[in-house]
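Student: Sharing a structure, written as structure tokens. Questions coming.
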Amino acid sequence: YYFAYPMAYPALTSILDQNGFETITDYTVHTNVSITNSFGDVANYRVYEFNNLTTQTNFTNTYIQ
């Protein structure tokens, strides 16, 4: 999983899987990743990269600021 979150907002404090288990320690956070949208605007993001390969589909994660 990858979750891009604007640097303008505070870092996430929790990532819960659909069973309510805390998984934030299973992510690597990449800061100041520049992403260009389809209009050519560039913004910096924190990108949360899940460290474990998975074949899950339709799995809900809750990202908490």
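The values are calculated or read from the model by the stated rules, or taken from the named source; none is laboratory data. None of the values given here were measured: they were computed from a predicted structure. So basically every Cβ, Gly included, is an ideal-geometry build from the backbone, and we count neighbours across all protein chains shown. Surface areas here come from the heavy atoms of the whole protein model, side chains and all, with no ligands, DNA or RNA. Shrake-Rupley method; radii C 1.70, N 1.55, O 1.52, S 1.80 Å.
Student: Condition (residue is touching a strand residue (DSSP E or B) at 6+ places or on another chain (Cβ under 8 Å), open to solvent by less than 50 Å² (accessible area, probe 1.4 Å), of a type in the set (S, T, N, Q) and in contact (Cβ under 8 Å) with a residue 24 or more places away in the chain) applied to segment 45-63: is it met by at least one residue?
Tutor: Checked segment 45-63: at least one residue is touching a strand residue (DSSP E or B) at 6+ places or on another chain (Cβ under 8 Å), open to solvent by less than 50 Å² (accessible area, probe 1.4 Å), of a type in the set (S, T, N, Q) and in contact (Cβ under 8 Å) with a residue 24 or more places away in the chain.
Student: Could you check how many residues of segment 34-44 are open to solvent by 50 Å² or more (accessible area, probe 1.4 Å) and touching a residue at least 24 places away in the same chain (Cβ under 8 Å)?
Tutor: Of the residues in segment 34-44, 2 are open to solvent by 50 Å² or more (accessible area, probe 1.4 Å) and touching a residue at least 24 places away in the same chain (Cβ under 8 Å).
Student: List, please: which pairs have Cβ atoms under 9 Å, are six or more places apart or on different chains, and start with a residue in segment 8-30 that is under 15 Å from GLN65 (Cα atoms) and open to solvent by 50 Å² or more (accessible area, probe 1.4 Å) and end with one that is of a type in the set (Gly, Ala, Ser) and modelled with pLDDT of 95 or more?
Tutor: ALA8/ALA43; GLU22/SER14; VAL29/ALA11
Student: Right, another one. Identify all residues within segment 36-45 that are within 19 Å of GLN65 (Cβ to Cβ) and over 11 Å from the mean Cα position of the chain (by Cα); write none if there are none.
Tutor: Within segment 36-45, ALA43, ASN44 meet the criteria.
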